[in-house]
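Structure, as structure tokens:
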Amino acid sequence: MNLNPGYLPVLVALSVPVSADVFQFTGSAQTLDGKALYEEQHRIQGACDNGIFRPLEHRVTYVRQAEEGEETFAEKELDYSQSDIRPTVNYQQPNFQESLKISYAGSEAVNVVWQPPSGDIERSNVDISDNLVVDAGFDNMVRQNWDRVVSGEPVNFRFLAPTRGTDYAFILESVQSYAVNADYVVQIRPDNFVLKFLVDPIVLGYNNQGALTAYSGLTNVRENADQNYTATIRYVISTYPECELTP
């Protein structure tokens, strides 16, 4: 069937979301004593929904300085199309032959496929609860509860521990920190008497616009075959979406 060329602009316009938007920022990771480690380059494509930015696709490129110049050593792709707080995840760190994939079997369970640096592939399934948060979905969870963050009210949720094949109860709460200076400083810690002695809190900094400006704690980037980096990451926003980040 032949189309009248006069209709093509209309068809193209209908195929592109008129509210499409982009949120971009870069994080510089350092050891707790200030040694530079790597850089995270974030690009989130989303849409403005009733004046609030909703993420859809999120790509993270991890780079560091090498003798030949800047090199990419890991990548992560997230898809928020089904849930703002439970994205699908595809993480690859080839220098350790490590990969992590998180997907979903409908609305019932989280499927995890983890290739550790050594050993066989590990697979697990975790039941989904309404307040289960996955990976970088914590950032959107903070913004969804922005009124409570601003007022200092704690937020209870469950957080997926994909390499352990389970989830744990956590709490988001206001805190004071020497490592993070921001308009709002909060921490994520286990809401369990025993686990809180085994897992250090993650401290987060946010500005007044609701953008993450600092992260201090255990990262998802592997330092060696036995452990991941613990780092402080400071973020610089290069592109804000045209709509608001918080309700």
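The values are calculated or read from the model by the stated rules, or taken from the named source; none is laboratory data. Computed from a predicted model, the values in this text were never measured in an experiment. For neighbour counting, all protein chains shown are included, and Cβ atoms are generated from backbone atoms with ideal geometry for every residue, glycine included. Protein only, heavy atoms only, side chains kept; ligands, DNA and RNA dropped before computing areas. Shrake-Rupley method; radii C 1.70, N 1.55, O 1.52, S 1.80 Å.
Taking the stated definitions as given, is R123 more than 17 Å from the chain's Cα centre (by Cα) and modelled with pLDDT of 95 or more?
So R123 fits the description; yes.
Select from the range 44-53 the residues that are assigned to a strand (DSSP E or B) and either open to solvent by 70 Å² or more (accessible area, probe 1.4 Å) or of a type in the set (A, V, I, L, M) (or both) and list them in ascending order.
I44, Q45, A47, D49, I52
Any chance the range 9-17 includes a residue that's out of contact with any Phe, Trp or Tyr (no Cβ under 6 Å at 6 or more places or on another chain) and at pLDDT 95 or above?
Scanning the range 9-17 turns up no residue that is out of contact with any Phe, Trp or Tyr (no Cβ under 6 Å at 6 or more places or on another chain) and at pLDDT 95 or above.
Any residue at all in the range 72-83 that's among the aliphatic types (A, V, I, L, M) and either open to solvent by 40 Å² or more (accessible area, probe 1.4 Å) or part of a strand (DSSP E or B) (or both)?
The answer is yes, given that some residue of the range 72-83 is among the aliphatic types (A, V, I, L, M) and either open to solvent by 40 Å² or more (accessible area, probe 1.4 Å) or part of a strand (DSSP E or B) (or both).
Check off (1) open to solvent by less than 50 Å² (accessible area, probe 1.4 Å); (2) part of a loop (DSSP other than H, G, I, E, B); (3) closer than 20 Å to H42 by Cα for A179 and give me the number that stays unchecked.
A179 satisfies every listed condition except (3).
Just to be sure I understand, how many residues within the range 101-134 are buried (at least 16 other Cβ atoms within 10 Å of the Cβ) and farther than 30 Å from C48 by Cα?
The total comes to 6.
Please find, among Q41, Q65, the residue that is surrounded by 14 or more Cβ atoms within 10 Å (Cβ to Cβ) and either free of Cβ contacts under 8 Å to residues at least 60 places away in the same chain or under 17 Å from the mean Cα position of the chain (by Cα) (or both).
Checking each option against the conditions leaves just Q41.
Out of everything in the range 146-175 that is of a type in the set (S, T, N, Q) and within 27 Å of Q227 (Cα to Cα), what residue ends up being most open to solvent (accessible area, probe 1.4 Å)?
The residue in question is T163.
Please go through the range 59-91 and pick out each residue that is farther than 24 Å from A161 by Cβ and of a type in the set (G, A, S).
Listed by number, the residues that qualify are A66, G69.
Going by the structure shown, is D139 open to solvent by 20 Å² or more (accessible area, probe 1.4 Å) and acidic (D, E)?
No, not satisfied.
Looking only at the range 215-239, how many residues end up being open to solvent by 80 Å² or more (accessible area, probe 1.4 Å) and in contact (Cβ under 8 Å) with a residue 60 or more places away in the chain?
3
Could you list all residues from the range 18-63 that are touching a Pro at 6+ places or on another chain (Cβ under 7 Å), over 18 Å from V89 (Cα atoms) and β-branched (V, I, T)?
Answer for the range 18-63, where residues must be touching a Pro at 6+ places or on another chain (Cβ under 7 Å), over 18 Å from V89 (Cα atoms) and β-branched (V, I, T): V22, I52.
How many residues does the range 20-38 contain that are of a type in the set (V, I, T) and surrounded by fewer than 16 Cβ atoms within 10 Å (Cβ to Cβ)?
2
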